[in-house]
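Only one structure is covered here, and it is reproduced in the block below.
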Amino acid sequence: MKRSGPPIRLLATDIDGTLLNPQFQISEGDLAALRRAHTAGIEVVLVTGRRHTFALPIARQLDFDLWLISSNGAVTRSLAGETFHRDMMPAETCRRLCQAMQEFRGNTVLTFDTEAKGAIVLEHMDELSASIRRWLEKNMEYIEFVVPIERALVTDPVQAMFCGSMARMGDALNALQSAGMEGAVTILRTEYPARDLSMIDVLNAGCSKGYALERWAAHRGYRREEVMAVGDNHNDVEMLEFAGYPVIMGNACEELRGRGWTVTRGNDECGVAAVVDGIVAGR
C-alpha cells in the first residue's frame, strides 16, 4: 500500500481487533512486518485500551524494545517499566461517578496503576458477560472484590470501566451522559457487536489515545505528517484524527468509515502488514 508525503517515522498500532487476529494472536505476517519497520528505523508504539501488564505479553512477541500507551492513553511506559506519563482520574471524581452510576454497580470495574492485588477492583462478577469473566479470570492475581467499590478509592485510579452486553451498555452510556460529569471525564467506547460485548471506559478529562500519542510524538520530535496510526474501534478515533496518516482495518466499526481514512485489509488477512510494508518500501 503506497502513499505520498514525508516518510513515516512513528507507527502507532492498536492491539485488539487490529494487531491481533480473530484467534487473539499476532499473525506471522504482521509480526514480520513490524520487525521490518523497526529495522528500517521506524519507531513502533502499541496503543491499547488494555492495562500495561495485560499488553506486555503481546509487546514482548515483537522482540524489540518499544513503548506502550495503555489504558486508552492514561499510561505511557516502556517494556522495561520506565514511565513517561500518567494521567490518573482524581479519586473524588471517581467517587462521584460511582454514585451517579449506582444502577450499574454490577458492571463496574476500577483499575489502578499497581502490579499487585487490587490493580483491578469490582464488587462481584455476577452481572458480567462470559467474555469479560474470562478476561478477569486470566487476571485473578490482580483482582480484589470490594463492597462498596468506593472503599477502594484510597488512591487515584487509572480509570473506571463499565462492561456488559450492547443493550446494557447502551443504557449505561445514556446514564453517563446525563450524570453531570461533563468536563470532568472522558468517555470512550469499545464495541464488538458479533460478541455482544461493549466496554465504556471513563478516564480523566482530556485523556485519550490521541492525546497520549500527540504527547509522545512531540517528545520524540515527530511531526504529525510523520505519524501513522492503525485502529479499528470507537476508542481509536482521537488517535486516528491526530495521525497524519490514519489507517483503519477492513474489520473497523461503522463509526470509523466514511471519514476518508485509508482502509487496509482485515485483521484476519494481516491488515497491519499490508499497510506497514508500503511505508517501509517507501523509505
- Identify the residue in the range 19-61 that is basic (K, R) and without any contact (Cβ under 8 Å) to a residue 60 or more places away in the chain and, among all such residues, is farthest from G266 (Cα to Cα). R60
- Look at the range 200-245 and say how many of its residues are under 30 Å from A167 (Cβ atoms) and assigned to a helix (DSSP H, G or I). 10
- Item | Close pairs from the range 244-267: first in contact (Cβ under 8 Å) with a residue 12 or more places away in the chain, partner buried (at least 21 other Cβ atoms within 10 Å of the Cβ) and among the hydroxyl-bearing types (S, T, Y), Cβ under 8 Å, at least 6 apart | V247/T264; I248/T264; M249/T18; M249/T264; G250/T264; T262/Y245; N267/T18
- Task: Among the residues of the range 250-283, write down those that are among the acidic types (D, E) and under 20 Å from the mean Cα position of the chain (by Cα).
- Result: E254, E255, D268
- For the range 214-234 the number of residues that are open to solvent by 10 Å² or more (accessible area, probe 1.4 Å), of a type outside the set (D, E), under 21 Å from D87 (Cα atoms) and touching a residue at least 12 places away in the same chain (Cβ under 8 Å) is 4
- Message: Criterion first (open to solvent by 70 Å² or more (accessible area, probe 1.4 Å) and of a type in the set (F, W, Y)) does F64 satisfy it?
- Response: no
- Before we move on, is E141 open to solvent by 30 Å² or more (accessible area, probe 1.4 Å), farther than 22 Å from R195 by Cα, assigned to a helix (DSSP H, G or I) and among the acidic types (D, E)? yes
- So which pairs qualify, if the first residue must be in the range 62-73 and farther than 25 Å from G29 by Cβ and in contact (Cβ under 8 Å) with a residue 40 or more places away in the chain, the second must be part of a loop (DSSP other than H, G, I, E, B) and open to solvent by 10 Å² or more (accessible area, probe 1.4 Å), the Cβ gap must be under 8 Å, and the two must be at least 6 apart or on different chains? S71/G49; S71/R50; S71/R51; N72/G49; G73/D87
- the range 164-193, residues that are among the aliphatic types (A, V, I, L, M) and either within 16 Å of T93 (Cβ to Cβ) or under 20 Å from the mean Cα position of the chain (by Cα) (or both): M166, M169, A172, L173, L176, A179, M181, A184, V185, I187, L188
- Could you check how many residues of the range 219-249 are under 22 Å from L62 (Cβ atoms) and more than 20 Å from the chain's Cα centre (by Cα)? 4
- Could you list, in sequence order, the residues of the range 268-278 that are surrounded by 22 or more Cβ atoms within 10 Å (Cβ to Cβ) and either touching a helix residue (DSSP H, G or I) at 6+ places or on another chain (Cβ under 6 Å) or of a type in the set (D, E) (or both)? C270, V272, A273, V276
- Verdict on D156 being in contact with a helix residue (DSSP H, G or I) (Cβ under 6 Å, 6 or more places away or on another chain), at pLDDT 95 or above, surrounded by fewer than 22 Cβ atoms within 10 Å (Cβ to Cβ) and closer than 20 Å to D113 by Cα: yes
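The values are calculated or read from the model by the stated rules, or taken from the named source; none is laboratory data. Please read these numbers as outputs of a predicted model, since none were measured by experiment. All Cβ positions, glycine included, derive from the backbone under ideal geometry; neighbour counts span all protein chains shown. All accessible areas refer to the heavy atoms of the entire protein, side chains included, with ligands and DNA or RNA removed. Shrake-Rupley method; radii C 1.70, N 1.55, O 1.52, S 1.80 Å.
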